[in-house]
Structure formats: C-alpha cells, structure tokens
Amino acid sequence: MRAVIISAGTIADYDYIKKLINNDDYIICADGGFSHCLKMGIKPHFLVGDFDSFNGELPCDVETLRLQPEKDYSDTHVAVSLALERGYDELLLLGCTGSRLDHTLSNIGLLEDLRRMGKRAFLVDRCNLMYAAEKHQFIHAAPGTAVSFIPLQPVKGLTLKGFKYPLDNADIDMYRSIWLSNVLEAKVGEVSFDSGVLVVDVYNEEQ
C-alpha cells in the first residue's frame with residue numbers, strides 16, 4: 001500500500017508528476033499541496049495543514065485536519081505521520097523541494113526517519129529521485145545516469161561498484177561536493193557502507 005504526500009513546494013511539470021501517481025494510491029495533501037492537486041485534476045483523500053499557503057475554499061467532501069499555525073512539526077511531517085497511522089508502508093513525497101530550503105532539508109531528513117522505521121520512501125521532483133540508503137543495496141538505472149551520494153551524517157566504509165568513480169572502504173564527511181555527480185557505468189550499481197546516514201539522489205536522465 002502506498003501513500004502519496006503532495007506538499008506546497010515546487011512542481012515544475014504537472015504532466016510528469018501526474019504520471020507517477022497510481023489510481024490506488026492514498027493521496028494526502030499538505031496545505032498548499034492541494035493547489036497542485038487542483039491543477040492536476042486529482043481529488044485527494046485527506047487534507048492537512050494550517051492552510052497558510054492555500055487561501056482558496058476547501059472541499060467539504062474530503063477529510064480534513066486543520067492545524068494551528070503554532071506547531072512543532074511541518075504540515076508535510078504531519079501528513080507523513082498520518083500516512084503511517086493509516087498503515088502505509090511506502091510513501092512518495094511530491095512537491096517537497098523548492099525555494100524554501102529549510103523545508104526541503106527537513107523533508108530530505110524525513111527519508112532517513114522513514115527508513116529507520118522500515119518504510120520505503122522516495123522524494124521525487126522533475127529532476128531527482130531521492131531516498132535514504134540501506135547499508136548494502138543495489139541501484140538499478142540506465143548506464144550514464146548521474147547519481148549523487150549525500151551524507152547527512154559522516155559515513156564510514158563507503159564502497160561503490162559499477163560507477164565511473166568507484167570507492168573502496170572510504171570515509172566521507174558532510175557538505176563536501178566531491179560526492180556529487182558520480183555516473184553509473186553498469187546497469188546495476190552496488191553501494192555499501194558501515195555506518196552513518198547516506199541519501200542517494202538519482203538524477204532523472206529524461207530531463
């Protein structure tokens with residue numbers, strides 16, 4: 001079962017994003033994400049937020065949770081929590097990047113929170129597909145695809161196989177651009193590390 005969280009960030013290509021949503025997905029709009037749904041002609045199953053980024057009329061036939069403006073967690077964070085409470089094991093986060101870098105970084109952090117809970121979670125926009133990496137995993141993408149590895153905590157023992165720039169048991173620090181824009185050379189890339197928090201960003205080669 002998959003929940004789709006649509007937030008108020010940037011969606012630059014509605015046709016592309018709409019193709020990512022399946023008919024049986026459970027759609028939760030976080031605040032201004034409802035504007036994106038209206039533009040895509042999609043009716044959500046749940047609305048949540050303080051609605052400071054949506055000033056239109058809310059539908060009376062969609063379940064809605066109105067939050068106070070003064071709150072501990074973002075509307076997107078609450079939407080993710082609602083999806084978990086309703087038993088969804090896979091989450092697709094849309095409209096979660098954009099000009100508000102504070103929100104973008106917070107949303108990327110949610111990926112690791114969800115991974116630790118044993119959930120599958122992906123943050124997608126027109127150019128990127130991001131997720132928190134497991135200690136050992138494989139990346140399936142077309143050869144030539146750009147892949148970045150972004151440590152949210154220092155990562156120990158990173159090994160990359162099948163990439164243009166391989167690594168063998170390397171330790172990587174946060175906020176270093178050297179880990180950006182590797183290139184997958186094989187059809188399957190192998191990633192492993194001993195400790196830390198690592199986010200994978202697979203660039204959309206169709207862009």
Inset, instruction - Working carefully through the options ASP194, ASP173, find the one that is among the acidic types (Asp, Glu) and either at pLDDT below 95 or within 30 Å of PHE54 (Cβ to Cβ) (or both). - result: ASP173
Legend entry - Matching residues, segment 153-176, being of a type in the set (Gly, Ala, Ser) and at negative phi: ALA170
Inset, instruction - Search segment 51-84 for residues being surrounded by 12 or more Cβ atoms within 10 Å (Cβ to Cβ) and small (Gly, Ala, Ser), and hand back the single one that is modelled with the lowest pLDDT. - result: SER53
Legend entry - Subset of segment 35-45 [closer than 23 Å to LEU101 by Cβ and either within 18 Å of the chain's Cα centre (by Cα) or surrounded by fewer than 18 Cβ atoms within 10 Å (Cβ to Cβ) (or both)]: HIS36
Legend entry - Test result for ALA12, in the same structural domain as TYR73 (by TED's automatic domain parsing) and crowded, with 16+ Cβ neighbours inside 10 Å: no
Inset, instruction - Please list, ordered by first then second residue, the pairs with beta carbon atoms under 9 Å, 6 or more apart or interchain, first in segment 172-188 and in the same structural domain as ALA146 (by TED's automatic domain parsing) and closer than 16 Å to LEU129 by Cβ, second of a type in the set (Asp, Glu) and surrounded by 12 or more Cβ atoms within 10 Å (Cβ to Cβ). - result: LEU180/ASP201
Legend entry - helices (runs of 4 or more DSSP H) contained entirely in segment 1-109, each with at least 2 residues that are basic (Lys, Arg) and closer than 27 Å to ASP201 by Cα: 14-19
Legend entry - Pick from segment 94-122, criterion over 19 Å from ILE27 (Cα atoms) and polar (S, T, N, Q), ranking: surrounded by the most Cβ atoms within 10 Å (Cβ to Cβ): THR104
Inset, instruction - Evaluate segment 111-128: report whether one residue or more is more than 24 Å from VAL48 (Cβ to Cβ) and out of contact with any Ser or Thr (no Cβ under 8 Å at 6 or more places or on another chain). - result: yes
Inset, instruction - Quick one: which strands (runs of 3 or more DSSP E) lie wholly within segment 113-201 and hold at least 1 residues that are more than 23 Å from ALA3 (Cα to Cα)? - result: 136-140, 146-161, 167-172, 188-192
Legend entry - Yes/no for VAL48 being touching a residue at least 12 places away in the same chain (Cβ under 8 Å) and either surrounded by fewer than 21 Cβ atoms within 10 Å (Cβ to Cβ) or aromatic (Phe, Trp, Tyr) (or both): no
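The values are calculated or read from the model by the stated rules, or taken from the named source; none is laboratory data. Because the structure is a prediction, the values reported are computed rather than measured. So basically every Cβ, Gly included, is an ideal-geometry build from the backbone, and we count neighbours across all protein chains shown.
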